[in-house]
Amino acid sequence: MGGYLGNAGAFLIETLLGLYILIILLRFMLQWARADFYNPISQFIVAATNPPLLPLRRIIPGLFGIDLASIVLLIALLTLKIYLLAWLAGAYPNFLGVLVLAVGELFKLVVYVFMFAIFIRVILSWVAPRSYHPAVNLVVSLSDPLMAPARRLLPAMGGLDLSPIIAFLFLGLTLRLIVQPIIDFGAVLALS
């Protein structure tokens, strides 16, 4: 019975904390990409993340236009999530290892959000190339920081835009060469 309760608890933690972490990350990334603040989806994200972020911003100011309060909150929530999942599994990991693991997981989530945004943008370019839906505008804003340099590197050929391939290659290499070693190092530290 304890195994079933533990699995249910892990599922709830992964789902609820994972969704809220994703919403906070989207707020940070959309601010960084200078997406439309008056977009209804942006307004939902801001309303959902204001309760913990507004008090935190009084303590932690931004730096060079980077919302440090969001980053601190993301790392704190990821650390909490890792600790809760470890506790359900009966483990008590080292704090420094969990902190490094949380940073690695945050980088991994950023890469996956970029990959998802580029993938959605590619699909939308086939299905609805001139759509003005608020979600499409956010996807374009989110994927532009990677797509623009990729387009300069590999311009469209015969009306075919191959820049998403360059962006996916870059993200895949980032995931394998930078993010995964951080996660592995954090896991080793957490277990020591």
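The values are calculated or read from the model by the stated rules, or taken from the named source; none is laboratory data. All values derive from a computational prediction rather than experimental measurement. No Cβ is skipped: glycine too gets one built from the backbone with ideal geometry, and neighbour counts run over all protein chains shown.
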- Task: Give I60, I66 a once-over and let me know the one that is modelled with pLDDT under 95, closer than 28 Å to V98 by Cβ, surrounded by fewer than 17 Cβ atoms within 10 Å (Cβ to Cβ) and in contact with a Leu (Cβ under 9 Å, 6 or more places away or on another chain).
- Result: I60
- Message: It is to be established whether one or more residues within region 141-155 are small (G, A, S) and farther than 12 Å from I118 by Cα.
- Response: no
- Task: Can you tell me which residue among G186, G97, G172, G104 is surrounded by fewer than 17 Cβ atoms within 10 Å (Cβ to Cβ) and among the small types (G, A, S)?
- Result: G172
- Item | Of residues in region 137-166 being touching a Leu at 6+ places or on another chain (Cβ under 6 Å) and either polar (S, T, N, Q) or buried (at least 17 other Cβ atoms within 10 Å of the Cβ) (or both), the one farthest from I71 (Cα to Cα) | S163
- State yes or no: is R27 farther than 16 Å from L78 by Cβ and either surrounded by 17 or more Cβ atoms within 10 Å (Cβ to Cβ) or out of contact with any Asp or Glu (no Cβ under 7 Å at 6 or more places or on another chain) (or both)? no
- Hey, A76 within 27 Å of V139 (Cα to Cα), small (G, A, S) and at pLDDT 95 or above or not: yes
- Note on the structure: Picking from L77, L99, L109, L84, the residue that is in contact (Cβ under 8 Å) with a residue 60 or more places away in the chain, aliphatic (A, V, I, L, M) and touching a Phe, Trp or Tyr at 6+ places or on another chain (Cβ under 9 Å) would be L77
- Any idea which of A48, A35 is surrounded by 11 or more Cβ atoms within 10 Å (Cβ to Cβ), of a type in the set (A, V, I, L, M, F, W, C) and modelled with pLDDT under 90? A35
- Taking the stated definitions as given, is L53 surrounded by 15 or more Cβ atoms within 10 Å (Cβ to Cβ), over 19 Å from A117 (Cβ atoms) and out of contact with any Ser or Thr (no Cβ under 8 Å at 6 or more places or on another chain)? no
- Message: Checking the conditions here, which among I82, I75, I23 is β-branched (V, I, T), under 18 Å from the mean Cα position of the chain (by Cα), over 22 Å from D184 (Cβ atoms) and assigned to a helix (DSSP H, G or I)?
- Response: I23
- A careful count of residues in region 85-127 that are part of a loop (DSSP other than H, G, I, E, B) and touching a helix residue (DSSP H, G or I) at 6+ places or on another chain (Cβ under 6 Å) gives 2
